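Notes to accompany the following structure.
Throughout, read-outs are computed from the coordinates displayed, never taken from laboratory work. Worth saying up front: this structure is predicted, and the values here are computed from it rather than measured. Because the Cβ atoms are built from the backbone with ideal geometry, glycine has one as well, and the counts that use them run over all protein chains shown.
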Amino acid sequence: MKTSTQCPFCTGDGGVVVARTPKLRVVLVDDPDHPVYLRVIWNGHVKEMTDLAAPDRVRLLEAVFAVETALRETLTPVKVNLASLGNQVPHLHWHIVARFADDPHYPNPIWSARQREPDPARLAALRQTLPALSARVAERVARL
């Protein structure tokens, strides 16, 4: 597996690991405004989807879809955002973020300016769902 000593996803997990396979891992991201935020990170250091062989591209997207499915089975978000950017960390990874009408940035991207202050009780309630969500994600990823 190719790694880079300069890459935070090569030198660390990138979040709290909830599922791991030989090719990829799924992590919970510690985001104070968006507790239901996960990443699917390819273990080897590559920058783009087309750096992967076709079967690995399929495997990665199946993992992204498994996380989205687990999230929708566990919660009822208004929307699920999927993004593969990599501008700041050029290591192949996908963001999966549950969006709710009352979240601090909705309907704009989570990286934009806040539209409202977060409700601490709502954030606490979402954080309480994380163990069940993590278990569901691990179960779905294990089936791949």
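Near V46, the amide H atoms lying under 5 Å from its own belong to L92; only residues 5 or more places off or on other chains count, and H is placed 1.01 Å from N. If you take the square roots of the eigenvalues of the alpha-carbon gyration tensor of the range 84-144 and sort them as a ≥ b ≥ c, do you get rounded (a/c under 1.5), prolate (a/b over b/c) or oblate? Note, shape of the range 84-144 comes out oblate.
Multiplying the residue separation of V16 and D33 by 0.36 nm and removing their Cα-Cα distance gives an extension gain of 4.5 nm. Here the range 1-30 is scanned for amide nitrogen atoms under 16 Å from the site 7 Å beyond the Cα of A53 along Cα-to-Cβ, giving 1-2, 22-24. When +1 charges are put on Lys and Arg Cβ atoms and -1 charges on Asp and Glu Cβ atoms, the dipole computed for the chain relative to its Cα centre reaches about 320 debye. The H on the amide N of V18, modeled in the peptide plane, is under 5 Å from the matching H of V26, V27, L28, each at least 5 residues off or on a different chain. With each label modelled as a point 7 angstrom along the Cα→C-beta vector, the A101-N81 pair spans 1.9 nm.
Diffusion coefficient of the chain by Stokes-Einstein, Kirkwood radius over Cα pairs, 37 °C, 0.692 mPa s: 211 µm²/s. Comparing V16, V26, V58 in a Gaussian network model of the chain where C-alpha atoms under 10 Å apart are linked, the largest mean-square fluctuation is found at V58.
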